[in-house]
Structure formats: C-alpha cells, structure tokens
Amino acid sequence: SKRYELMYNDYVIVGPIDDYSECSSIKSKFKSIYEQKKFFISRGDDSGTHKKELEIWNSINLLPKKNDDWYIEIGQGMGKTLLMTNEKKAYTISDRSTWISFNKKENLKILCENFPPLLNQYSIILVNQNLNSKLNINAAEKFIDWILSNEAKKIINNYKVKNQQLFFYNYN
C-alpha cells in the first residue's frame, strides 16, 4: 500500500483566555503547565493529536502520570476535548482546523503556535484488496486519482471556515 501525503494543518496549544504568559516555545509551555499543575485535558484516545501531545511531553522528559489530578485523559475526540477544556478553563493541544471550526470556546484562546510549527500531515492510503475482498478497489483508485488532482487541490486550498483556510494541499 502506498501512502500519499495529501494536505496538512498544524497544532496549537490553547488555554485560558486570562493566561497572559508569553509562549517562548511549545516545550516551555508544556513544562510550565506541568510544573504549575494546571488542568490539562488530553484526548487520551491514541489519535494522531494524542500521539503528538505525548511526543511533546516525552521531549521534555515530563510525562504526566495517570493518577495526576491536573492531567485528565477523556478518551474522546477533539470536539469533546475542547468542550471540556473550555468548561474547566484548562489547557490542551488541538489541530488548528478543529479549533477554528469549534464554536464553544469563550474561555479559551490560542496560547502557543508556530514555535516551531507543529505540522499535522494528512495522508491517503489505498487499502490492500487482499485484506478485504468486499472492497470496491476500482472506485477507491478513482477517488485517489481525483483527490490527487488539481481540481481537488483547489477545493482543499479554498475550503474556509470563518474566513480561514483549514488545510493546505501538499501532494507533489
């Protein structure tokens, strides 16, 4: 199976609207959250975002423990994670497109971004037809051909929510 890197967005650290501390880097913000035991809501669902979060904790050698009362793994998607983060005026990591699209965030703002950019790559893979004989491989191949086309590139790059581009096409 071949993987086609299709488009990307990035990750941002969001937190309480009244957090005015400067963000010198994503790692320093995570270290500050850890040291001050600020509420952090983790997806805890083994998603790409959750893996990126754990990668950041590991990079600073400060992995929260399951019984830390300030670190809350909810085992939910990004929308529910942002909802709880907003309710608790806590911190989390989110992909930018979900953050832009999410409406219930009156207690939150982006605190850290682009320090360095945390790219969130989206890819498409044609499933191996030997794994499932019921696959419509012809339709799947047609879809991949289309999603890699200039037409799809224009649609992806022009897709906006709240006048902000959500994804950036990068298939070559």
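The values are calculated or read from the model by the stated rules, or taken from the named source; none is laboratory data. Quantities reported herein were computed from a predicted structural model and do not represent experimental measurements. Don't worry about glycine lacking a Cβ; one is built from the backbone with ideal geometry, like all the others, and counts go over all protein chains shown. Just so you know, the surface numbers come from the protein's heavy atoms only, side chains and all, with ligands and any DNA or RNA stripped out. Shrake-Rupley method; radii C 1.70, N 1.55, O 1.52, S 1.80 Å.
Scanning the range 96-131 for residues that are touching an Asp or Glu at 6+ places or on another chain (Cβ under 7 Å) and either within 22 Å of Glu5 (Cα to Cα) or without any contact (Cβ under 8 Å) to a residue 24 or more places away in the chain (or both) returns Arg96, Pro117, Leu118, Leu119, Asn120, Gln121, Ser123, Leu126. Total residues in the range 34-63 satisfying the condition of being open to solvent by less than 30 Å² (accessible area, probe 1.4 Å) and not small (Gly, Ala, Ser): the figure is 7. With a requirement of 3 or more residues that are over 30 Å from Lys160 (Cβ atoms), the helices (runs of 4 or more DSSP H) lying completely within the range 26-121 that satisfy it span 26-36, 48-59. Exactly one residue out of Phe102, Phe168 is farther than 29 Å from Ser21 by Cα and aromatic (Phe, Trp, Tyr): that is Phe168.
You will find that of Lys142, Lys153, the residue that is surrounded by 15 or more Cβ atoms within 10 Å (Cβ to Cβ), among the charged types (D, E, K, R) and within 21 Å of Met7 (Cα to Cα) is Lys153 and no other. Taking the criterion of being of a type outside the set (Val, Ile, Thr) and within 12 Å of Ser42 (Cα to Cα), the residues of the range 69-78 that qualify are Trp70, Tyr71, Glu73, Gly75, Gln76, Gly77, Met78. Among the residues here, Lys134 does not qualify as in contact with a helix residue (DSSP H, G or I) (Cβ under 9 Å, 6 or more places away or on another chain), exposed (fewer than 14 other Cβ atoms within 10 Å of the Cβ) and of a type outside the set (Val, Ile, Thr).
The set of residues in the range 73-131 being touching a helix residue (DSSP H, G or I) at 6+ places or on another chain (Cβ under 9 Å), among the charged types (D, E, K, R), over 23 Å from Ile147 (Cα atoms) and open to solvent by less than 60 Å² (accessible area, probe 1.4 Å) consists of Lys105 alone. Determine, yes or no, whether Asn138 is outside any helix (DSSP H, G or I) and either out of contact with any strand residue (DSSP E or B) (no Cβ under 6 Å at 6 or more places or on another chain) or not charged (D, E, K, R) (or both). Considered against the rule, which asks whether it is outside any helix (DSSP H, G or I) and either out of contact with any strand residue (DSSP E or B) (no Cβ under 6 Å at 6 or more places or on another chain) or not charged (D, E, K, R) (or both), Asn138 comes out as no.
Note on the range 17-33: residues that are open to solvent by 90 Å² or more (accessible area, probe 1.4 Å) and among the hydroxyl-bearing types (Ser, Thr, Tyr) amount to 1. The listed residues are Glu113, Glu151, Glu141, and the only one of them that is charged (D, E, K, R) and closer than 27 Å to Gly77 by Cα turns out to be Glu113.
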